[in-house]
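**Student:** Provided herewith is a single structure, encoded as structure tokens, for subsequent inquiry.
The values are calculated or read from the model by the stated rules, or taken from the named source; none is laboratory data. In this text, all values refer to a predicted model and were calculated from it rather than measured experimentally. Here the Cβ positions follow ideal geometry from the backbone for every residue, glycine too, while neighbour counts run over all protein chains shown.
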Amino acid sequence: MEISSILQDLHLSSSSSSEKPLHSPFLPPITEVLSRLQKKLIGASSDSEAISAIGCVERFFQTADPHWLFAPVSTNQGDDWAELKAAYVSLVSALIGCAALPLCEDDCSTLPAVAYQSIPSRAIPVCSALTVLLGMLGNGGSQSGLLLTVAPPICVFAITHFQNQAWTNSSSRPAAQTLQEALLKAGGWRGSSDLLMGDGSQEEEGHEGDHRGIFGGVLDVLLPQMTKDSWLRCEAVKLVFAWTLLQVTRPSLCPHLPRVLAPSLRLNDHYRPENCILGVRCLHHIVLNTPAADLRQFNRAEVLYQALFKHLYTTEAAVIQPVLSCLLDLLLVFEKPPSSLAPSSSRRKPCRHDDVLRLVLTHMEAEHKVVLRHVYASALPPYIDRMGVAVCRHLRRLERVMLGYLEVRDPPEETSRLKILDALQKSIRAAWPRMACRIDVLLRCLLKLLLDVSSDSGLVDPVKQELMDQTVVCLKLLDSCCHGNLQPLLQQVDSRCCSPEVLRCLAIVSEDRQVTCHSSMTRP
């Protein structure tokens, strides 16, 4: 009998008969067996011993009687259940420890890939053993409390090893994915988000089933490793923290806000771009999934604003892009959009929206790196859209920036020029009374853009056509806001210096103006 040989190997006695009653005196207490298995795992001094010990645990779960595995020794449902849960948590921790990632000696260096060479070969049998355990736990409803106790460390382990990282390979990743699926199946969870958040309706009705989320338990596992002095020593901790956080949405995130905010800020403040980007993603997720009132409480929103605003002084495009996106959503926590305020409102005065846009325009004006120009140009339209008529405060600098960006080629996709044309259209719509005095400068720039684009043989036809179409839209808007005063200027254009494409664009502007005037004259 397999269970007998396992118990003998653990120096425990058992009966040779398989027909013994549930709490037979011939079977040792399950907590004692689990403790011996834990010691066997911890005492393994080599890879071969560790794999052998893991295999022993797996065989034990495969052959042992489930009633013996998950039942306390006595009928007392208090201390005995707590002792049983503690024994299983210790055994699961020992199993996971067999495939634990090595730690960096300090918080400034990273481990080479060779340091993780033995991890996948250990992680695969650990996943297999834990999958068997979850299969046993999922067979009955009486083990729901035990399942919820061991689920958080198992979930953290699975997330650690199903990601494409230096400590995983093509064999360990599917094994970890299978473990995650077994965990979901054991508790009847529909997916990772359901696993972490649970079914709120179940909890409200007082049910104690498997539909409770384990995000709090996952944080209990992760946060001791996410302290200021320890989070950089293990490469996987920050990735697992970010992955789990991004699965949890409102309203489930709000109760955990104090616990997730500090680690996210710690990631955001790090000097390495990859850690900083991860932190910004976490903060943006928190902003989107937390009520504004909770963010304003205890001055949290101000802390977030200052932590993000300082990144606008960096030259890392990969950092600035998510920061600008996050700030756009965070600003709504502090103040109403300037575009939504009434003209007579006393709050129509410079605010944080102006501070961000002013700094962005300052950097745009002197920026020469193509990647950063793309980021700034892409971020400008939504900020102008948010500002509305309040963008008038920045028109002078905005005009210089837009003219400068439209004059510089940006092949092959012309991302910067297209985004700036979009920004110009939004500016004209928002601040049209202020555009009449800028017609000469803007018209000259747009006509020059049409000439440059039409004569640029390096542009593919779709991009060239899109540039010319968007330029025509800008000309139409300018003509509308100045009540047709653009037409005399367009008529002064020397057709001998223009290509047929440019002439067609100008004709479209003139024709549309004539149609508009005719419609207004015939309107009843």
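**Student:** List every residue pair whose Cβ atoms lie under 6 Å apart, where the two residues are 6 or more positions apart in sequence or sit on different chains, the first residue falls within the stretch 414-441 and is in contact (Cβ under 8 Å) with a residue 40 or more places away in the chain, and the second residue, located anywhere, is assigned to a helix (DSSP H, G or I) and among the polar types (S, T, N, Q).
**Tutor:** Going by the 6 Å Cβ cut-off, the qualifying pairs are 419/378; 421/470.
**Student:** Sticking with this one: What are the residues in the stretch 147-161 that are over 21 Å from the mean Cα position of the chain (by Cα) and either closer than 16 Å to residue 131 by Cβ or outside any helix (DSSP H, G or I) (or both), if any?
**Tutor:** Listed by number, the residues that qualify are 147, 150, 151, 153, 154.
**Student:** I would also like to ask the following. Is there any pair with a first residue in the stretch 230-246 that is within 14 Å of residue 270 (Cα to Cα) and a second that is of a type in the set (D, E, K, R) and crowded, with 21+ Cβ neighbours inside 10 Å whose Cβ atoms are under 9 Å apart and which are 6 or more apart or on different chains, and what are they?
**Tutor:** 231/238; 232/238
**Student:** Let me ask something else. For the stretch 347-366, state whether one or more residues are crowded, with 20+ Cβ neighbours inside 10 Å, more than 28 Å from the chain's Cα centre (by Cα) and either assigned to a helix (DSSP H, G or I) or modelled with pLDDT under 95 (or both).
**Tutor:** no
**Student:** Also: When you check residue 251 against the structure, is it modelled with pLDDT of 95 or more and either crowded, with 21+ Cβ neighbours inside 10 Å or not in a helix (DSSP H, G or I) (or both), yes or no?
**Tutor:** no
Residue-by-condition table, conditions (1) crowded, with 21+ Cβ neighbours inside 10 Å; (2) assigned to a loop (DSSP other than H, G, I, E, B):
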| position | (1), (2) |
| --- | --- |
| 227 | no, yes |
| 246 | no, no |
| 256 | no, no |
| 265 | no, no |
| 280 | yes, no |
| 285 | no, no |
| 294 | no, no |
| 297 | no, no |
| 315 | no, yes |
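**Student:** Okay, next question. If I filter the stretch 319-338 for residues that are outside any helix (DSSP H, G or I) and either among the charged types (D, E, K, R) or under 20 Å from residue 259 (Cα atoms) (or both), do I get at least one hit? Talk me through it step by step, then tell me what you get.
**Tutor:** Going residue by residue through the stretch 319-338, those that are outside any helix (DSSP H, G or I) are 335-337.
Of the ones still in play, those that are also either among the charged types (D, E, K, R) or under 20 Å from residue 259 (Cα atoms) (or both) are 335-336.
Scanning the stretch 319-338, I find at least one residue that is outside any helix (DSSP H, G or I) and either among the charged types (D, E, K, R) or under 20 Å from residue 259 (Cα atoms) (or both), so the answer is yes.
**Student:** Then there is this: Residue check, residue 271 against (1) among the hydroxyl-bearing types (Ser, Thr, Tyr); (2) surrounded by fewer than 19 Cβ atoms within 10 Å (Cβ to Cβ); (3) in contact with a helix residue (DSSP H, G or I) (Cβ under 9 Å, 6 or more places away or on another chain), all met but one. Which one?
**Tutor:** Checking residue 271 against (1) among the hydroxyl-bearing types (Ser, Thr, Tyr); (2) surrounded by fewer than 19 Cβ atoms within 10 Å (Cβ to Cβ); (3) in contact with a helix residue (DSSP H, G or I) (Cβ under 9 Å, 6 or more places away or on another chain), the one that fails is (3).
**Student:** Which condition from (1) touching a residue at least 40 places away in the same chain (Cβ under 8 Å); (2) assigned to a helix (DSSP H, G or I); (3) touching a helix residue (DSSP H, G or I) at 6+ places or on another chain (Cβ under 7 Å) is the one that residue 167 breaks?
**Tutor:** (2)
**Student:** Given 420, 439, which one is more than 40 Å from the chain's Cα centre (by Cα), part of a helix (DSSP H, G or I) and among the aliphatic types (A, V, I, L, M)?
**Tutor:** Result: 439 is the single residue among 420, 439 that is more than 40 Å from the chain's Cα centre (by Cα), part of a helix (DSSP H, G or I) and among the aliphatic types (A, V, I, L, M).
**Student:** Taking the stretch 366-387 only, how many residues are touching a Lys or Arg at 6+ places or on another chain (Cβ under 7 Å) and of a type outside the set (A, V, I, L, M)?
**Tutor:** Adding up the residues that qualify gives 4.
**Student:** Condition (residue is buried (at least 19 other Cβ atoms within 10 Å of the Cβ), of a type outside the set (A, V, I, L, M, F, W, C), within 27 Å of residue 392 (Cβ to Cβ) and at pLDDT below 95) applied to the stretch 319-336: is it met by at least one residue?
**Tutor:** No: the stretch 319-336 contains no residue that is buried (at least 19 other Cβ atoms within 10 Å of the Cβ), of a type outside the set (A, V, I, L, M, F, W, C), within 27 Å of residue 392 (Cβ to Cβ) and at pLDDT below 95.
**Student:** Quick one: what pairs do we get from the stretch 451-464, first residue under 10 Å from residue 414 (Cβ atoms), second assigned to a loop (DSSP other than H, G, I, E, B) and not aromatic (Phe, Trp, Tyr), C-beta under 6 Å, 6+ apart or different chains?
**Tutor:** Taking only residues 6 or more apart or on different chains, the pairs are 463/414.
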